[in-house]
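What follows is a short report on a single structure.
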Amino acid sequence: MKKVHIKTNYRNEIIDITQPIQDYIKKQKIKSGVIVVYSPHTTAGISVNENADPDVKKDIIQFLNKTIPEDFGFQHTEGNSDSHIKGSLINFSQTFIINDFSLMLGTWQSIYFMEFDGPRNREFWLKTIS
Amino acid sequence: MKKVHIKTNYRNEIIDITQPIQDYIKKQKIKSGVIVVYSPHTTAGISVNENADPDVKKDIIQFLNKTIPEDFGFQHTEGNSDSHIKGSLINFSQTFIINDFSLMLGTWQSIYFMEFDGPRNREFWLKTIS
Amino acid sequence: MKKVHIKTNYRNEIIDITQPIQDYIKKQKIKSGVIVVYSPHTTAGISVNENADPDVKKDIIQFLNKTIPEDFGFQHTEGNSDSHIKGSLINFSQTFIINDFSLMLGTWQSIYFMEFDGPRNREFWLKTIS
């Protein structure tokens, strides 16, 4: 298992982590298998989405903030219940296919670290199975 | 890895893909393992739900369309930000258990391809690990 | 594959299932791999979230109930379309990393069985791959 450290800069932020995942798969020299990308946090998840137009990332954050507002009337006194809910809906782990030594993604897909309670020092974990 | 091609017919559509997945597992003759079902798209995901009453599929689509409307005020100029968000919330991949040469599903479960920006030619990818 | 039986007590309930999953991994004596935690139901899922403040669980349930109300105007006559939708959004399975004979979770993470149409007798399935 590999732990990758990243730093987030905003409360809500979508960060492309495709490159370090591809680098790890290349180093592992796995011909065929799967890779689990895991967020060990409760207010930051892992997702996939379009890598072409940056407005897509803005729209996802805008939608989540409007639908799951900080001032929804939550009881958790840390004031980040919205962040916990966003994490559970987006998911804390994703599994991808490795084929012919490569991470298999669709043409427009990138893998994203989804920060919902930054800025913070964060990490994600990688585990390959072949 | 196997790529399966499908054609969708509507902008939002839920298509049962359980049978081709079961067929692939049978051909692979895997006694015990897991299978990853992966959508290489950014506006179409993979989910699981009830296979008995077709109204459940209608209700899921109706809820998603009302909660994530096309005219939410998005910035992405292709006009399908709602489709991207639906995909991220539903998820682009799912992992299932293979036991005794069979795909393990609950009594009422089917696996669904979730189209959110059709009609289009689509595909989903299958990868088994044992 | 192992089937674990549980009983839920409320229509919407979040139950910590981390301990039985850790116990299973210890018994299996797997040094390195992944584990799939699977809900074979269509109205109960698997998620991860904070294990410290019980208010987080209350806030998640409150948010889901307000955003996906029973009386949304659904067509499915069993009256539990909200439960099906909650399940698809939360997800019916999650994959976790096993490293050095241990289930790898973040400091604040627990694994939760998410009941959305209880009380019922339920089960979840565990499958390790190394």
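The values are calculated or read from the model by the stated rules, or taken from the named source; none is laboratory data. None of these values were measured; they are calculated from a predicted model. Cβ atoms come from the backbone with ideal geometry, glycine included; neighbour counts cover every protein chain shown. With ligands, DNA and RNA removed, areas are computed over all heavy atoms of the protein, side chains included. Shrake-Rupley method; radii C 1.70, N 1.55, O 1.52, S 1.80 Å.
Taking every protein chain into account, the accessible area of chain A amounts to 39 square angstrom per residue (probe 1.4 Å). Comment: the Cα-to-Cβ extended label point of residue C:65, at 7 Å, lies 2.9, 2.9 nm from its counterparts in the other copies, nearest first.
Peptide C:94-100 has a mean shielding of 6, counted as Cβ atoms of other protein chains within 10 Å of each residue's Cβ. Considering every alpha-carbon pair of the protein assembly as shown, the percent of pairs per 10 Å bin, from zero through the bin containing the longest distance, is 5, 25, 37, 27, 6, 0.
Protein heavy-atom surface of the range C:2-129, 1.4 angstrom probe: 48% of the accessible area is carbon and sulfur, with nucleic acids and ligands not counted. Accessible area per residue was computed with a 1.4 Å probe on protein heavy atoms; residue A:77 scores about 130 Å². Springs between Cα atoms under 10 Å define the GNM used for chain B, and in it the highest mean-square fluctuation of B:26, B:86, B:57 occurs at B:26.
Choose one answer from C:115, C:78, C:13: the residue with the largest mean-square fluctuation in a GNM of chain C with alpha-carbon springs under 10 Å. Result: C:78 has the largest fluctuation of those listed. Relative contact order for chain C: 56 percent, from Cα pairs under 8 Å spaced at least 6 residues apart, divided by residue count.
Distances between equivalent label points of residue A:16 across the copies, with each point positioned 7 Å along Cα→Cβ, amount to 4.0, 4.0 nm, shortest listed first.
Taking the square roots of five times each eigenvalue of the Cα gyration tensor of the range B:2-129, the equivalent ellipsoid has semi-axes of 28, 15, 12 Å, listed largest first.
A point 7 Å from Cα along Cα→Cβ stands in for residue C:28, and the other copies hold the same point at 1.6, 1.6 nm, listed in rising order. For the range C:1-61, the Kirkwood hydrodynamic radius from C-alpha pairs, put into Stokes-Einstein at 10 °C and a viscosity of 1.306 mPa s, yields a diffusion coefficient of 116 µm² per second.
In this calculation the C-beta distance from residue A:102 to residue C:70 is compared with R0 = 51 Å, giving a FRET efficiency of 0.65. Set the Förster radius R0 to 41 Å, insert the Cβ-Cβ distance between residue A:2 and residue B:10 as r into 1/(1 + (r/R0)^6), and round the FRET efficiency to 0.05. Calculated transfer efficiency: 0.45. Per-residue shielding of C:36-49, expressed as the average number of other chain Cβ atoms within 10 Å of the residue Cβ, stands at 6. Between chain B and chain A, the total buried accessible area stands at approximately 2600 Å², from heavy atoms with a 1.4 Å probe. Relative to the dominant Cα principal axis of chain A, helix A:18-28 is inclined by about 30°.
Averaged over the residues of peptide A:58-65, the number of Cβ atoms from other protein chains lying within 10 Å of each residue's Cβ is 5.
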